[in-house]
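The values are calculated or read from the model by the stated rules, or taken from the named source; none is laboratory data. Worth saying up front: this structure is predicted, and the values here are computed from it rather than measured. Note: ideal-geometry Cβ built from the backbone for every residue, glycine included; neighbour counts use all protein chains shown.
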Amino acid sequence: MKLSPHCALSEFVSSQTAARRGIDNTPPADVIARLQLLCQHVLEPVRQRFGKPVVISSGYRSPALNRAVGGSATSQHVKGEAADFEIPGLSNVEVARWMERKLNYDQLILEFYTPGQPNSGWVHVSWRPNYRNEELTARRVRRGSRLVTEYVRGIVA
Ligand SMILES: [Zn+2]
């Protein structure tokens, strides 16, 4: 099933963790409708701008899958509003900065990008009708002996 000209539903529901653990990751109809909006408003324009495949690393997560991967209980992945992706061969920060200039979205998060390593990290993006156009950068920082995730405003790299 196609969600938009370049997005297939299968890309948003396949999960190695779900397959390995026998978790059902079949999306309900309202999730499919939200994934279609995410594709139309965000991922299809990204595909058209860069002309290369957009590789989804995490799209929909059923509640059981979200628990299995340690996702936040309020994650937009559970609603079908969010996807994590990369475009092989392009820097994640370059893609995020273009999106920041040109697109509307709910949240755009540059996740775990290391400057100087174009393929490091990924881009998380969400869309909903009452979108916030909020940009964040997630990075791992050391607190004592622990690595914790810190979110800062803007696309910072
Ligand atoms: Zn995400």
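Against the conditions (1) crowded, with 16+ Cβ neighbours inside 10 Å; (2) among the small types (Gly, Ala, Ser); (3) part of a loop (DSSP other than H, G, I, E, B), ALA83 satisfies every one except (3). Considering VAL93, VAL156, VAL123, the condition of being within 23 Å of ALA33 (Cα to Cα) and touching a strand residue (DSSP E or B) at 6+ places or on another chain (Cβ under 7 Å) is satisfied by VAL123 alone. The one condition from (1) modelled with pLDDT under 95; (2) under 15 Å from the mean Cα position of the chain (by Cα); (3) farther than 21 Å from GLU11 by Cα that ALA73 does not meet is (2).
Give ARG21, ARG47 a once-over and let me know the one that is under 24 Å from ALA157 (Cα atoms) and among the charged types (D, E, K, R). Show your work before the answer.
Values: ARG21 fails: under 24 Å from ALA157 (Cα atoms).
Only one candidate passes the filter, namely ARG47.
May I ask you to say which residue of ALA83, ALA96 is within 16 Å of the ligand (Cβ to nearest atom), over 23 Å from SER14 (Cβ atoms) and either modelled with pLDDT under 95 or in contact with a Leu (Cβ under 9 Å, 6 or more places away or on another chain) (or both)? It would help to see each step written out before you state the result.
Details: ALA83 fails: over 23 Å from SER14 (Cβ atoms).
Testing whether each residue is within 16 Å of the ligand (Cβ to nearest atom), over 23 Å from SER14 (Cβ atoms) and either modelled with pLDDT under 95 or in contact with a Leu (Cβ under 9 Å, 6 or more places away or on another chain) (or both) leaves just ALA96.
Reported count of residues in segment 22-66, each being within 15 Å of the ligand (Cβ to nearest atom) and surrounded by fewer than 17 Cβ atoms within 10 Å (Cβ to Cβ), is 2. The residues in segment 34-63 that are part of a helix (DSSP H, G or I), more than 13 Å from LYS102 (Cα to Cα) and of a type in the set (S, T, N, Q) can be counted, and the count is 2.
A Cβ distance below 6 Å, combined with a sequence gap of six or more or placement on separate chains, defines the contacts here; from segment 1-26, residues that are more than 19 Å from ALA68 (Cα to Cα) reach residues that are of a type in the set (D, E, K, R) and assigned to a strand (DSSP E or B) in the pairs ALA8/LYS2.
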